[in-house]
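What follows is one structure encoded as structure tokens, with my remarks underneath.
The values are calculated or read from the model by the stated rules, or taken from the named source; none is laboratory data. None of the values given here were measured: they were computed from a predicted structure. Cβ coordinates were reconstructed from backbone atoms using ideal geometry, including for glycine residues, and neighbour counts include every protein chain displayed.
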Amino acid sequence: MDANGLLTLPGRVFFHFLSYLGQLAALAGELMIALRSGVWRLKLVAQQIVAIGYGSQGVVIVTGAFTGAVFTFQSYAKFKEFGFETTVGAVVSVALCRELGPVLAGLMVAGRVGAAMAADIGTMKVTEQVDALRVMGVHPVDYLVLPRFLAMMISMPFLVAESISFGLIASYLVTSFGYDMPSTWYLTHMIDHTNMEDLSIGMIKGFVFGMIITLISCHQGLAAENGAVGVGLGTTNAVVISSLVLLIVNFFLSILLNYVFPIGTV
Amino acid sequence: MAAPAPSPAPSSDADVFIELRGIHKSFGKQEILSGIDLTLKHGETLCIIGPSGEGKTVTMKHIIGLIRPDSGDVFVGGMHVNKLKEREMAPIRQKVSMLFQGAALFDRMTVEENVAFPLIESGLRDKAEVKRRVLEALEAVDLAEHLDKYPTALSGGMRKRTGIARAIICRNECILYDEPNSGLDPIGSDIIDQMILRMQKRFRVTSIIVTHDMRSIFKIANRVAMLYRGKIHFLGTPDELNASPDPIVQDFINGRSDVTC
């Protein structure tokens with residue numbers, strides 16, 4: 001790269017980023033039009049719920065359970081030094097509801113479902129199936145993006161709830177059978193210190209993460225070109241961009257939701 | 001202040017169905033079309049020929065609004081195609097259908113579901129009528145016994161014929177065929193030619209066919225357009241094409257290249 005190229009690189013990267021945001025905004029706009037005036041293909045929505053919601057349960061449950069277990073295992077020893085070991089249930093529960101449950105479920109869904117969305121739509125794009133839809137008067141956003149979006153909106157809160165639930169079950173089993181802590185202590189502290197606000201934060205985050213994953217992954221699919229190489233690149237980008245955006249958005253969403261549902265005040 | 005330029009109007013000739021005026025199109029720095037003018041009347045069959053990469057498919061995709069020109073105007077049935085937004089294209093796409101080069105069948109659907117798709121999407125809900133029309137379309141391309149197969153289980157020729165059945169099922173006024181004979185054996189190719197002729201004679205369907213099959217051209221075309229270096233190099237009847245003294249035309253139709261061993 002020559003000196004001129006190096007000097008203009010930041011500007012080009014910035015405009016490329018702006019262009020990408022513009023494309024995402026345009027897709028979001030089309031999605032809103034589809035939501036309002038497009039035809040809702042309920043059969044496709046049901047198929048996507050099976051693929052996204054039902055199909056992702058395994059990974060979400062395993063991730064939630066082992067995260068809850070290892071979090072409990074690590075924190076119990078440290079808490080015991082201060083004589084706070086009975087509060088492990090409360091800490092793990094709040095952490096799972098507010099952060100770990102939605103974030104880990106989101107990351108796993110981004111990996112599993114986001115990749116599948118980008119690959120499916122990308123393959124249709126490069127084999128002219130998307131153009132075939134257009135020729136038959138079917139808007140690709142109505143047919144390909146809207147059912148996935150609706151299915152994700154329905155599935156994601158359930159997946160987050162599963163992740164949290166199995167995390168708590170695993171945590172309970174570790175404390176009860178691994179450390180001989182009376183289950184009453186664990187359950188009492190957990191129930192006392194976990195409230196509907198904590199659960200609401202998890203559900204809201206799951207909902208937002210679902211939107212992010214669908215929008216980014218479907219955009220990567222619809223923008224795919226150059227055959228199999230383009231589909232592969234789009235699939236990788238869908239997972240990487242969704243995961244990074246999800247983590248960044250999670251930080252700002254946590255700040256915002258802590259204003260709405262302050263921790264420890266209820 | 002200068003008055004705004006008047007919006008271009010379609011041809012006043014009521015018999016004109018498709019009109020391309022001064023179409024320019026580039027992809028990156030490569031100019032593909034550099035001023036295409038073409039008019040097609042109702043019921044006419046036009047074959048577009050030319051070397052690979054000269055913009056035959058790109059020209060066709062302009063007609064149905066899949067590609068927008070950098071400059072120029074496209075009119076179909078009196079509608080200004082390149083001024084319409086994607087969601088306003090429905091009236092054009094009710095009039096015009098297209099067979100893609102690779103057939104573009106939906107991988108997750110059977111042959112029957114693929115062919116039924118445009119009918120169902122157009123609002124036909126009577127299952128018996130859908131089934132009847134699907135069988136009729138598949139019989140026309142000799143595929144009625146393969147209803148339950150998925151595209152991956154079909155040969156290249158069968159995929160193409162399924163694509164043709166899907167393109168004709170809605171009985172649109174105009175059908176665009178992108179290399180309908182490629183990958184077909186001579187008998188399969190003749191089935192397609194006969195079907196195009198039947199559509200032309202029975203339903204007065206307007207057809208544009210991108211093809212390299214010179215034998216088909218002389219069977220089915222009313223006119224032939226040859227694209228060369230981004231422009232229409234030749235436009236005339238098949239007989240005029242055959243009799244053309246132009247060396248570029250003669251080299252193309254006789255398959256002569258400059259390459260020597």
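Side notes on the structure shown:
- The helices (runs of 4 or more DSSP H) found entirely in region A:24-99 that carry 2 or more residues being free of Cβ contacts under 8 Å to residues at least 12 places away in the same chain and over 25 Å from residue A:237 (Cα atoms) are A:42-49, A:55-81.
- Residue A:183 being surrounded by fewer than 22 Cβ atoms within 10 Å (Cβ to Cβ), within 27 Å of residue A:212 (Cα to Cα) and among the small types (Gly, Ala, Ser): no
- Summed over region A:118-149, residues that are in contact (Cβ under 8 Å) with a residue 24 or more places away in the chain and either charged (D, E, K, R) or within 7 Å of chain B (Cβ to nearest Cβ) (or both) total 5.
- Selection from region A:29-57 of residues that are surrounded by fewer than 15 Cβ atoms within 10 Å (Cβ to Cβ) and of a type in the set (Gly, Ala, Ser): A:29, A:37, A:46
- Single unsatisfied condition, residue A:251 versus (1) in contact with a helix residue (DSSP H, G or I) (Cβ under 9 Å, 6 or more places away or on another chain); (2) surrounded by fewer than 21 Cβ atoms within 10 Å (Cβ to Cβ): (1)
- Filter pass, residue B:103 being outside any helix (DSSP H, G or I), within 13 Å of chain A (Cβ to nearest Cβ) and either modelled with pLDDT of 90 or more or under 17 Å from residue B:178 (Cα atoms) (or both): yes
- Residues that are closer than 16 Å to residue B:143 by Cβ and touching a residue at least 12 places away in the same chain (Cβ under 8 Å) within region B:107-117 comprise B:109, B:110, B:111, B:112, B:114, B:115, B:116, B:117, listed in sequence order.
- Selection within region B:136-192 - more than 20 Å from residue B:61 (Cβ to Cβ) and among the polar types (S, T, N, Q): B:152, B:155, B:162, B:189
- Condition check for residue A:130: within 30 Å of residue A:29 (Cα to Cα) and either at pLDDT 95 or above or in contact with a Cys (Cβ under 8 Å, 6 or more places away or on another chain) (or both): yes
Residues are listed down the side, and each one gets a yes or a no for (1) closer than 30 Å to residue B:254 by Cβ; (2) crowded, with 16+ Cβ neighbours inside 10 Å; (3) among the small types (Gly, Ala, Ser):
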{"residue": "B:136", "(1), (2), (3)": "no, no, no"}
{"residue": "B:146", "(1), (2), (3)": "no, yes, no"}
{"residue": "B:153", "(1), (2), (3)": "no, no, yes"}
{"residue": "B:162", "(1), (2), (3)": "no, yes, no"}
{"residue": "B:173", "(1), (2), (3)": "no, yes, no"}
{"residue": "B:176", "(1), (2), (3)": "yes, yes, no"}
{"residue": "B:216", "(1), (2), (3)": "yes, yes, yes"}
{"residue": "B:228", "(1), (2), (3)": "yes, yes, no"}
{"residue": "B:239", "(1), (2), (3)": "yes, no, no"}
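- Total residues in region B:173-199 satisfying the condition of being of a type outside the set (A, V, I, L, M, F, W, C) and over 13 Å from the mean Cα position of the chain (by Cα): the figure is 10.
- Residue A:90 vs. criteria within 21 Å of the chain's Cα centre (by Cα) and either more than 12 Å from chain B (Cβ to nearest Cβ) or within 30 Å of residue B:90 (Cβ to Cβ) (or both): no
- Scanning region B:35-45 for residues that are closer than 12 Å to residue B:208 by Cα and crowded, with 22+ Cβ neighbours inside 10 Å turns up B:40, B:45.
- Matching residues, region B:54-98, being farther than 26 Å from residue B:26 by Cβ, within 14 Å of another protein chain (Cβ to nearest Cβ) and under 17 Å from the mean Cα position of the chain (by Cα): B:94, B:95, B:97
- Residues within region B:50-100 that are touching a residue at least 12 places away in the same chain (Cβ under 8 Å), of a type in the set (A, V, I, L, M) and either under 29 Å from residue B:251 (Cβ atoms) or part of a helix (DSSP H, G or I) (or both), tallied: 7
- Among the residues of region B:139-152, not a single one is in contact with a Gly (Cβ under 6 Å, 6 or more places away or on another chain) and either small (Gly, Ala, Ser) or more than 14 Å from chain A (Cβ to nearest Cβ) (or both).
- Just one of the listed residues (A:153, A:124) is buried (at least 23 other Cβ atoms within 10 Å of the Cβ), within 18 Å of residue A:34 (Cβ to Cβ) and not aromatic (Phe, Trp, Tyr), and it is A:124.
- Considered as a group, the residues in region B:106-123 that are acidic (Asp, Glu) and in a helix (DSSP H, G or I) include one that is farthest from the other protein chains (Cβ to nearest Cβ), and that residue is B:112.
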